[in-house]
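Below is one structure, written out as structure tokens; comments come after it.
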Amino acid sequence: MTTIAVTEAAPGGRPKVRLAPGLLQPRLVTRSAGFAHVALVAGGATLLGGDSVSIRIEVGAGCTLRIEDIGGTVAYPSTGRPSAWNVDAVVGDGGVLVWESFPFVVADRAHVGRRTTVRRGAEAQVCLRETLVLGRTGEAGGRIVSTTDIRDVDGTPFFAEELSLDGEHPQPGVLGRSRVLDTAIMVGADPEEGEAPTDTDEGHVLVLARPGAVARAIGSATHAAHVDVRWRRWTNRALAFDEHSSSGGRTEQNGEQSDE
């Protein structure tokens, strides 16, 4: 299991960061007062048939964690053996989690179960981005069942969805003949005014019943189906980007670590 845990050492101080590698290798990029930026790197070819990736994320109260994928993921042909990608995250009171994952490509004959579970404390904000791509160049793509379950720590639901896609059997009203589904999810904050699509951001927005929104775009290629502009706007707000971008930090050792 890959573990990323961030807890604040003292009010206003740099947080403690604990990283444990699994099939994915976490690397600490930078750290400043209450903030940590961690990159995820594949430790080898992932996902092969039968692989099971498990990622545990813990964000302490009042801490901010930004996770960034270094490369995309390809689910390779499974020859009948399904693979799994499971994320379990807990975000404490007033915490912030921002994770932009790179494209997740489901090759022909791949069969993947992808599950993301988030439990959030009071006033916590979560921004997640997931780009699913059916097939490599010239492929129709395999099958993926993607489940997202975001709730408060007391179990009150915030956003729950199960999405089943199969490149060999496209379904009208889901993706149809499209290959790419780009999704950005923001919970814990209201969307800004004027969330209609723009010329540079063709996604459509679903405003949730509780503070938050989901932006989506579908298309035939990643460059033609994206929610880049809206994602940057949401994450800049969540990260207080102007403050963290000017803060100092340091690069840490790779592998399992615990910062005091």
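The values are calculated or read from the model by the stated rules, or taken from the named source; none is laboratory data. Since this is a predicted model, take the numbers as computed values, not measurements. Cβ sites come from the backbone with ideal geometry, for glycine too, and all protein chains shown count toward neighbours. Just so you know, the surface numbers come from the protein's heavy atoms only, side chains and all, with ligands and any DNA or RNA stripped out. Shrake-Rupley method; radii C 1.70, N 1.55, O 1.52, S 1.80 Å.
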Per the helix-only calculation at 222 nm, which mean residue ellipticity applies to the chain, given -39500 (n - 2.57) for every DSSP H run of n ≥ 4 and division by its residues, nearest 500 deg cm²/dmol?
-1500 deg cm²/dmol
For T116, residues with placed amide H under 5 Å, excluding near neighbours:
V87, T147, T148, D149
Rounding to the nearest 10 and keeping the result within 0 to 90°, find how far the Cα-based axis of helix 228-239 lies from the longest principal axis of the chain.
20
Dimensions in Å of the chain - Rg and Dmax from alpha carbons:
18.0, 53
Test of understanding: in a Gaussian network model of the chain with alpha carbons linked when under 10 Å, which of E100, E161, E139 would top the mean-square fluctuation ranking?
E161
What are the residues whose amide H is under 5 Å from the amide H of S78, where those residues sit 5 or more places off or on another chain and H is modelled from the backbone?
A110, H111
Choice from A224, A209, A45 showing the highest fluctuation, given a GNM over the chain with Cα pairs closer than 10 Å:
A209
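When Rg is the radius of gyration of the Cα atoms in segment 59-192 and Rh is its Kirkwood radius, what does Rg/Rh come to? The partial results should precede the final answer.
Values: Rg = 15.9 Å, Rh = 15.7 Å.
Computed over Cα atoms, the ratio is 1.01.
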Averaged per residue, what accessible surface does the chain expose to a 1.4 Å probe, in Å²?
45
Taking amide H atoms as placed 1.01 Å from N in the peptide plane, list the residues 5 or more away in sequence, or in a different chain, whose amide H sits under 5 Å from that of D51.
A84
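Could you tell me what percent of the DSSP beta bridges with both partners in the chain are antiparallel, to the nearest 5?
Values: 46 of 100 bridges.
Roughly 45 percent of the DSSP beta bridges within the chain come out antiparallel.
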Extent along principal axes [Cα atoms of segment 59-132; Å; largest to smallest]
45, 20, 13
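I'd like to compare 171-177, 233-239, 122-128: which one has the highest average count of other Cβ atoms within 10 Å, and what's the full order after that? Display every interim value, and only then the final one.
Values: 171-177: 10.4, 233-239: 18.6, 122-128: 21.0.
Sorting 171-177, 233-239, 122-128 by mean packing, highest first, produces 122-128, 233-239, 171-177.
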